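**Q** Input: one structure, supplied below.
Nothing in this text is a laboratory measurement; each read-out follows from the coordinates by a stated rule. Here the structure is a predicted model, which means the values were calculated and not measured. Every residue, glycine as well, gets a Cβ built from its backbone with ideal geometry; the counts of neighbours run over all protein chains shown.
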Amino acid sequence: MAIQVGDRVPDVALLTLDPQGQPRPVSTAELFRGKRAVLIAVPGAFTPTCSDHHLPGYVLRAEEILAKGVELIACVAVNDPFVMGAWGKARGTGGKVLMVADGNGDFARAMGLEVDLSRFGLGRRSQRYAALVEDGTVRALHVEQPGKLEVSTADAILADLS
């Protein structure tokens, strides 16, 4: 069953890159503890919609989002931490959006938001969504219909924060 507004984010181990480019484990409990955060999930790094529209919207609007009391913007995908790091560099996320790797899809499954994209050669991935998380609890959740980018944009999250 998919996570709902009011549910706690499942505690799952993910990976980020440290400043030296080495993988560093981070639990979702640690990531969201005591913070107001925006979590965006995408089917894959460097994929057209994710790379050309979804993530760039958050990079462009990061200052506005942070000015609304958000302390963390994190982007998660079922990719390894090196791909997520390279994608972040390519899209200029430094200091604006934390790139987080869910390499085995454990977080996508735990959230109940895994999708099978095998017909496109992508295997099992995360659905596209955006969530407002406060101290580990989902306060708003916008899950996209397959192939769409309408409800999980930076504008949608900014509306939640108004």
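**Q** Sorting I65, I40 on the 10 Å Cβ count, fewest up front, what's the list?
**A** I65, I40
**Q** Just to verify a number: FRET efficiency for D7 and R33, C-beta to C-beta distance, R0 = 22 Å, to 0.05?
**A** 0.85
**Q** From the helices alone, meaning DSSP H stretches of at least four residues, give me the mean residue ellipticity at 222 nm for the chain, per-run term -39500 (n - 2.57), in deg cm²/dmol to the nearest 500.
**A** The per-residue figure over the chain is -7000 deg cm²/dmol.
**Q** Please get the size of the charge dipole for the chain, origin at its Cα centre, with Cβ charges of +1 on Lys and Arg and -1 on Asp and Glu, quoted in debye to the nearest 20.
**A** For this selection, approximately 160 debye.
**Q** Work out the charge dipole of the chain with +1 on the Cβ of Lys and Arg and -1 on the Cβ of Asp and Glu about the Cα centre, then indicate which of A37, V133, L15 is farthest towards its positive end.
**A** It is L15, whose Cα lies furthest towards the positive end.
**Q** While we're here: Be a star and scan region 122-146 for residues whose amide nitrogen sits under 15 Å from the point 7 Å along the Cα-to-Cβ vector of D155.
**A** No residue passes the distance filter.
**Q** Further question on the same structure: HN-Hα J couplings of region 143-158 from phi, Karplus 6.51/-1.76/1.60, θ = phi - 60°, integer Hz, Gly and Pro as x?
**A** Here the 3J(HN,Hα) series is 9, 7, 6, x, x, 10, 9, 9, 9, 10, 6, 4, 4, 5, 5, 4 Hz.
**Q** Please work out the Cα center distance from region 38-66 to region 142-162, rounded to the nearest Å.
**A** 11
**Q** Could you tell me what fraction of 2.2 N^0.38 Å the Cα radius of gyration of region 13-161 comes to, as a two-decimal ratio?
**A** So the Cα radius of gyration is 0.94 times the expected 2.2 N^0.38 Å.
**Q** Exposure proxy check: S162, S126 ranked by fewest other beta carbons within 10 Å?
**A** Listing S162, S126 from fewest to most nearby Cβ atoms yields S162, S126.
**Q** Starting from the Cα of F82, move 7 Å in the Cα-to-Cβ direction to define the label point; list residues of region 7-32 whose amide nitrogen is under 18 Å from there.
**A** Those under the cut-off are 15-25.
**Q** If the cut-off is 24 Å between C-alpha atoms, which lysines fall inside it for K35, apart from same-chain ones fewer than 8 positions away?
**A** Counting by Cα, and skipping residues close in sequence, K35 has these lysines nearby: K68, K96.
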